[in-house]
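The values are calculated or read from the model by the stated rules, or taken from the named source; none is laboratory data. Note that this is a predicted model, so its numbers are computed, not measured. As a convention, Cβ positions derive from the backbone with ideal geometry for all residues, glycine included, and neighbour counts pool all protein chains shown. Surface accessibility is based on the protein's heavy atoms, side chains included, excluding ligands, DNA and RNA. Shrake-Rupley method; radii C 1.70, N 1.55, O 1.52, S 1.80 Å.
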Amino acid sequence: MDNQQLWTRFFSSEPDRVIFFRLGRLKLWLARAEREWALASEDGSETNLHSMSRIPMDVVPADLKWVRYGFRKAPDTFKLLPRTPDRPIVLRPPDLIHLPPGESLPLCAVFPAWVSVCLGETGGFQTAAVPSQILSDTWFGSREEGHLCYAIEHPIGDFESAADARPSDIVCPVQIENETKEDLVFERLCLRTSHLSLFAGRSHLWSTPVRIRYTDADPPARFEYPVQPPVHETGLRRIHQGELPEEKVFHRFVFGRRFGADFQAQVRK
Amino acid sequence: MTAIPYIFLADTSPWTQFGTAALLLGLGAIFLGLLSSAAKAVLTRHVSLHIGLVMRKLILYVGAFFLLVAFLLQLGFDLTGVLATAGIATVAIGFAAQTSLSNLISGLFLIGEKPFQIGDLVRVGGTLGVVDSIDLLSIKLRTLDNLFVRIPNEEMIKSQVTTVTRYPIRRMDFDLKFAMREDPETIEKILKEVAAGNHLVLVDPEPLVLFNNIQDRAMEFRFGIWFEKTNFLKVRNSVLKDLKRALDQASIELPYAKVALDRERLHEKPSLPAQEDEDEDEDGEGR
């Protein structure tokens with residue numbers, strides 16, 4: 001089963017059989033009865049394994065915490081839906097990156113997807129999403145105010161890092177452009193993943209790219225979320241639509257004030 | 001002839017007067033209730049819950065006073081004498097209600113200063129509790145073991161108040177001592193690994209590992225980890241368990257007081273220092 005099938009195909013379920021998914025570190029169990037579905041998940045050890053199997057009830061660990069969903073008649077098909085993390089993520093390069101005036105830098109961020117289950121045909125009930133890998137909390141902002149975010153284990157880097165991406169990982173192209181007349185020293189940025197749409201590629205997931213323009217305006221950083229799929233792979237299938245960023249809805253000033261602090265960099269004269 | 005305390009001034013029947021007054025009171029009470037609720041809702045949304053609650057009570061108390069006056073006037077009572085007496089009564093009440101007035105004024109200062117909000121965890125003296133309400137005369141706290149504590153505003157203004165949940169993130173410090181034979185570099189590495197391995201510990205700001213002191217033949221370290229304020233209990237429990245596990249795995253012992261015994265001298269009688277100019281009784285014991 002390739003990556004696109006994993007995220008686009010409908011699976012059927014039989015009563016008294018549990019479907020067990022291994023998606024990297026995430027272990028996911030799904031069970032169906034006449035009038036209910038039950039889901040359980042656990043964080044396992046690091047592995048590149050991505051598989052699906054049908055197992056009898058008696059081999060399921062007894063200490064799992066199940067979440068149950070009741071129906072008049074439980075649907076017999078389901079689909080896995082990848083989602084972006086439920087909080088922004090902080091991306092930082094392994095070392096400070098200097099960007100001379102007028103230059104741009106294409107980078108690549110790899111982070112784990114969250115997984116939800118759609119019970120029933122398209123438009124059916126969607127369960128709460130669980131992380132395919134538990135990420136550490138981090139803070140973006142000052143000690144008086146800021147945002148609770150996730151820290152990812154891999155620093156943002158070039159596209160070679162995408163080669164190690166797992167099927168449940170999202171690869172996000174990020175382009176930083178220095179439109180000032182000074183040397184820009186990129187420290188870190190806060191990526192609001194809810195604005196990203198997701199696509200299923202051959203070996204992993206892709207998101208819509210992010211463009212960050214660093215200008216002389218106040219605030220200096222402008223985030224843009226193009227709706228086109230990334231050009232780094234052909235034949236991508238869109239499987240999740242991101243939320244529209246607020247700057248398309250509200251006045252530019254609100255956007256600037258809200259998102260301008262998502263990018264931390266120094267400007268060297 | 002006994003003086004009638006109040007004079008009916010209106011030229012209508014008493015039942016009509018009473019009915020009108022009752023209607024005025026009823027409609028007035030409904031209007032007052034709606035106005036105070038609306039003020040609370042608007043102020044809560046645009047300012048804070050604290051201000052909303054205070055304004056609601058202010059509107060109710062002041063409105064109730066004027067409603068009562070209107071009710072009595074409608075009934076035909078002459079309040080001139082009452083108002084004249086009120087001026088003298090005010091002075092008397094002022095002396096008697098000094099503490100309440102002080103609390104009221106302190107309450108206004110607290111409203112302006114906003115050192116905390118409803119829902120904040122605060123420490124006042126030895127009391128730690130969640131702010132349940134901020135009223136004109138006092139603050140009400142609910143302690144973590146569910147006790148109700150009322151603190152007059154005057155005391156709040158005079159005391160040191162620590163708002164534990166003022167900022168969104170906090171640092172939890174652990175002061176640890178290690179035996180002198182342990183390697184401080186290894187200890188530092190273990191502490192950083194404990195912080196990195198717990199997903200509730202914030203990666204940024206970075207955890208603090210400080211070799212603080214050497215005292216009482218032990219190395220003192222301060223280990224500070226940052227966390228989101230609502231995760232206090234989970235972080236405390238999990239980090240302490242992780243610390244214990246990591247120290248056990250590395251066979252690192254926390255120091256404790258030890259006493260060394262010299263077996264050869266164990267049975268010797270201790271020699272007492274010589275005593276000067278002491279009178280002895282027949283048994284040879286001093287006084």
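Among the candidates B:Ile151, B:Ile187, B:Ile111, which residue alone is in contact with a helix residue (DSSP H, G or I) (Cβ under 7 Å, 6 or more places away or on another chain) and buried (at least 16 other Cβ atoms within 10 Å of the Cβ)?
Going through B:Ile151, B:Ile187, B:Ile111 in turn, just one is in contact with a helix residue (DSSP H, G or I) (Cβ under 7 Å, 6 or more places away or on another chain) and buried (at least 16 other Cβ atoms within 10 Å of the Cβ): B:Ile111.
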Determine whether the range B:117-130 contains at least one residue that is open to solvent by less than 60 Å² (accessible area, probe 1.4 Å) and within 14 Å of chain A (Cβ to nearest Cβ).
-> no
Identify all residues within the range B:199-215 that are more than 29 Å from the chain's Cα centre (by Cα), open to solvent by less than 70 Å² (accessible area, probe 1.4 Å) and among the β-branched types (Val, Ile, Thr); write none if there are none.
-> B:Val203, B:Val209
Which one of these is at pLDDT below 85 and in contact with a Gly (Cβ under 6 Å, 6 or more places away or on another chain): A:Pro219, A:Pro226?
-> A:Pro219
Positions within the range A:92-149 being under 21 Å from the mean Cα position of the chain (by Cα) and charged (D, E, K, R), in sequence order | A:Arg92, A:Asp137
Count, please, the residues in the range A:33-50 that happen to be open to solvent by less than 40 Å² (accessible area, probe 1.4 Å) and at pLDDT 80 or above.
-> 5
State yes or no: is B:Leu136 at pLDDT below 90 and hydrophobic (A, V, I, L, M, F, W, C)?
-> yes
Only one of these is assigned to a loop (DSSP other than H, G, I, E, B) and of a type in the set (Lys, Arg): A:Arg72, A:Arg68. Name it.
-> A:Arg72
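Take B:Glu220 and decide whether it is outside any strand (DSSP E or B), farther than 13 Å from B:Arg171 by Cβ and among the acidic types (Asp, Glu).
Details: outside any strand (DSSP E or B): no; farther than 13 Å from B:Arg171 by Cβ: yes; among the acidic types (Asp, Glu): yes.
For B:Glu220, the condition - outside any strand (DSSP E or B), farther than 13 Å from B:Arg171 by Cβ and among the acidic types (Asp, Glu) - is not met.
Do you know which residues across the range B:196-237 are in contact (Cβ under 8 Å) with a residue 40 or more places away in the chain and within 12 Å of another protein chain (Cβ to nearest Cβ)?
First, the residues of the range B:196-237 that are in contact (Cβ under 8 Å) with a residue 40 or more places away in the chain: B:197-198, B:218-229, B:232, B:235-236.
If the condition is that a residue be in contact (Cβ under 8 Å) with a residue 40 or more places away in the chain and within 12 Å of another protein chain (Cβ to nearest Cβ), then B:Gly197, B:Asn198, B:Ile225, B:Trp226, B:Phe227, B:Glu228, B:Lys229, B:Val235 are the ones that fit.
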Can you tell me which residue within the range A:116-169, out of those that are of a type in the set (Asp, Glu) and away from chain B (no Cβ under 14 Å), is least open to solvent (accessible area, probe 1.4 Å)?
-> A:Asp169
Do the conditions hold for A:Pro173, that is, is it over 14 Å from A:Asn3 (Cα atoms) and free of Cβ contacts under 8 Å to residues at least 40 places away in the same chain?
-> no
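Report yes if B:Leu25 is aliphatic (A, V, I, L, M) and assigned to a helix (DSSP H, G or I), otherwise no.
Values: aliphatic (A, V, I, L, M): yes; assigned to a helix (DSSP H, G or I): yes.
It is true that B:Leu25 is aliphatic (A, V, I, L, M) and assigned to a helix (DSSP H, G or I).
Do we have A:Arg83 as more than 12 Å from chain B (Cβ to nearest Cβ) and not small (Gly, Ala, Ser) here?
Numbers: more than 12 Å from chain B (Cβ to nearest Cβ): yes; not small (Gly, Ala, Ser): yes.
Against the criterion (more than 12 Å from chain B (Cβ to nearest Cβ) and not small (Gly, Ala, Ser)), A:Arg83 qualifies.
Does B:Lys177 satisfy the criteria of being open to solvent by 50 Å² or more (accessible area, probe 1.4 Å), out of contact with any Ser or Thr (no Cβ under 6 Å at 6 or more places or on another chain), away from every other protein chain (no Cβ under 14 Å) and assigned to a strand (DSSP E or B)? Can you show your working first?
On the way: open to solvent by 50 Å² or more (accessible area, probe 1.4 Å): yes; out of contact with any Ser or Thr (no Cβ under 6 Å at 6 or more places or on another chain): yes; away from every other protein chain (no Cβ under 14 Å): yes; assigned to a strand (DSSP E or B): yes.
Judged against the criteria, B:Lys177 is a match.
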Answer yes or no: is there a residue in the range B:37-46 that is open to solvent by less than 70 Å² (accessible area, probe 1.4 Å) and more than 18 Å from B:Ile118 (Cβ to Cβ).
-> yes
